[in-house]
Amino acid sequence: MDTTTQPTTTQPSAIEKVLAFVDERVGLKTLQAKMLNEPVPGGSRWAYVFGSVLLFIFIMQAVTGILLMFYYVPTADHAYASTQYIIHSVDYGWFLLSYHFWGSTAMVVCVFAHMSQVFLWGAYKKPRELIWLVGLALFGIVMGFGFTGYLLPWDQRAYWATTVGVEIMDKTPLLGDFMARFLKGGATPGQMTLSRFFVIHVMVLPAALMGLAGLHLFLFRKAGPAGPFRGSVEEIKAKTDYFFPRQIWKDIVGMVAVFLCICSLAFWEPIVLLEEATPDPGDYHPEPEWYFLFLFQLLRLKVFAGEFGQFLGAIALPGAFMALLAALPFIDRDPERNIFKRPIALIGWIVVMASILIFTVAAIINREFLE
Ligand code: HEM
């Protein structure tokens, strides 16, 4: 009987061969290791999911936006009709448009959540000042998406919110007149306005967001995650984990939860257009998208009445607030990150959030009253 045993050699499958071929040329394994083996100081947290969720929402906005562009016509005489066509005639068009609409709301909510998290965790402090600054630019882009997208359906709501928004922008010293004329492209909102808003919404802002998000992540990887704001160096080191698998799973759960929320809102609260845009508001009260409502309500206060008051409330105050946020990492040089030992930061955050909430609710109540 032959007792010699032949060593068994398993042949690589076709897929393994293709992967090995690509890996040799692209360095897939190194890339995978670089992406997934990032240490997360102190271990994974639900609080860290918002950045990845924001990236996911943006990708979905790009996908749904491209699908909408197959039908949408960005001209003053066809924008409204083509949007109605998407809602009423295209298969699942109503869902697609409503998803895109609620997706923008989700992006604003998540950007506030992400900003709040990094602020409360003191993650803007040295050496993460540039991540914070690029983040602020991303915040401006997210708001810009909301502002430019609002005009595209070309109904009364779109037309008048944009008219009011551009009038407010006009009040900015030095640049205001130029910006308002550039955006409007004429005396009253018309074809040029729609063309410019469309190009900014589908070309300029997505390109800027992709570039800046890349820079944001590059800087983030360079500095490494800030990690928890409490605990000794030894405790944090002991709990430190890799990005894969725990943090990735948390991120995926966050993405799925947000996706389901957007789908539910799109399904139960689908988008409804008003009448087609006309230069006569009739009995329609112009109102911006909900995330600008607090500013709109602020401008109704007596102190902000008149030309100078409007400039103060609409431009000077928000401008000063953004300038303060930009200067924050350079003013606050204290390395202490524990939010419970930073009373000014904690109180400041509560006051800002409560004011936004109160003014938004007041604007909604005011709207009910006007209707
Ligand atoms: C479209 C908007 C944004 C996207 C897609 C985005 C994405 C991300 C991602 C993926 C991370 C890494 C992991 C995490 O902590 O989530 C991150 C970290 C960070 N982001 Fe953003 N971000 C955005 C906006 C902002 C804004 C508005 C700010 C603040 C003004 C900001 C400040 C930061 C900071 C300071 C970190 C480092 C956090 C740490 O080290 O723990 N980001 N961002």
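The values are calculated or read from the model by the stated rules, or taken from the named source; none is laboratory data. Not measured: the values here are computed from a predicted model. Backbone-built Cβ (ideal geometry, glycine too); neighbour counts: all protein chains shown. Heavy atoms of the whole protein, side chains included, go into the accessibility calculation; ligands, DNA and RNA do not. Shrake-Rupley method; radii C 1.70, N 1.55, O 1.52, S 1.80 Å.
Excluding ligands, DNA and RNA, the accessible surface per residue across the range 252-371 is 64 Å² with a 1.4 Å probe. Between the range 110-170 and the range 227-255, the C-alpha centres lie 28 angstrom from each other. On a per residue basis, the range 141-222 carries 47 Å² of accessible surface, using protein heavy atoms and a 1.4 Å probe. Please build a GNM for the chain, connecting alpha carbons under 10 Å apart, and tell me which residue among 214, 103, 146 fluctuates the most. Among 214, 103, 146, the largest GNM mean-square fluctuation belongs to 214.
May I ask you to order 13-23, 179-189 by the average number of other C-beta atoms within 10 Å around their residues, highest value first?
179-189, 13-23
Equivalent-ellipsoid semi-axes for the range 1-140 (Cα gyration tensor, √(5λ), whole Å, largest first): 44, 30, 14. To put it simply, the accessible area of the range 84-229 at a 1.4 Å probe is 73 percent carbon and sulfur. For residue 250, a cut-off of 17 angstrom between C-alpha atoms picks up these lysines, skipping any fewer than 8 places away in its own chain: 239.
Between helix 205-223 and the chain there is an angle of about 40 degrees, using the helix long axis and the longest principal axis of the Cα atoms.
With the cut-off at 1.5 for a/c, could you classify the chain from its C-alpha gyration tensor as rounded, prolate or oblate? It would help to have the intermediate numbers written out before the result.
On the way: a/c = 2.37, a/b = 1.43, b/c = 1.66.
It comes out oblate by the Cα gyration axes.
Taking the Cα atoms only, what angle lies between the long axis of helix 50-69 and the longest principal axis of the chain, rounded to 10 degrees? Around 60 degrees separate the two axes. The packing ranking of peptides 350-361, 70-81, 91-102, highest mean first, is 91-102, 70-81, 350-361, where packing means the average number of other beta carbon atoms within 10 angstrom of each residue. For the pair residue 324 and residue 71 in one chain, pulling the backbone fully straight at 0.36 nm per residue adds 86.8 nm over the alpha carbon distance. Solvent-accessible area assigned to carbon and sulfur over the range 255-320 amounts to 72 percent, based on a 1.4 Å probe.
For residue 242, the amide hydrogen comes within under 5 Å of the amide hydrogens of 40, counting only partners 5 or more places away or on other chains and with H modelled in the peptide plane. Distance from the C-alpha centroid of the range 307-341 to that of the range 35-95: 30 Å, rounded to the whole angstrom.
Within the listed set 30, 172, 162, the residue fluctuating most in the Gaussian network model of the chain (springs between alpha-carbon atoms under 10 angstrom) is 30. Each residue of the range 336-341 was assigned a 3J(HN,Hα) from its phi angle through the Karplus expression (A = 6.51, B = -1.76, C = 1.60, θ = phi - 60°), giving 4, 10, 5, 5, 6, 10 Hz with x at Gly and Pro. Where only DSSP H runs of four or more residues are counted, the chain gives -21000 deg cm²/dmol as its mean residue ellipticity at 222 nm, each run worth -39500 (n - 2.57). Between the range 271-305 and the range 195-210, the alpha-carbon centres lie 24 Å apart. Rounded to the nearest 10 degrees, the angle from helix 248-268 to the longest Cα principal axis of the chain is 30 degrees. Rounded to the nearest Hz, the phi-derived 3J(HN,Hα) couplings of the range 324-333 under the Karplus curve 6.51 cos²θ - 1.76 cosθ + 1.60 (θ = phi - 60°) are 5, 4, 5, 7, 3, x, 8, 7, 8, 8, where x marks glycine and proline. Here the Karplus curve 6.51 cos²θ - 1.76 cosθ + 1.60, taken at θ = phi - 60°, turns the phi angles of the range 93-100 into couplings of x, 4, 6, 4, 5, 5, 4, 4 Hz, with x standing for Gly and Pro. Qualifying trypsin sites (Lys or Arg not before Pro) in the range 331-371, where qualification requires a DSSP coil assignment and no more than 10 other C-beta atoms within 10 Å, comprise 333.
Take 120-131, 260-271 and order them by the average number of nearby Cβ atoms within 10 Å per residue, most first; the result is 120-131, 260-271.
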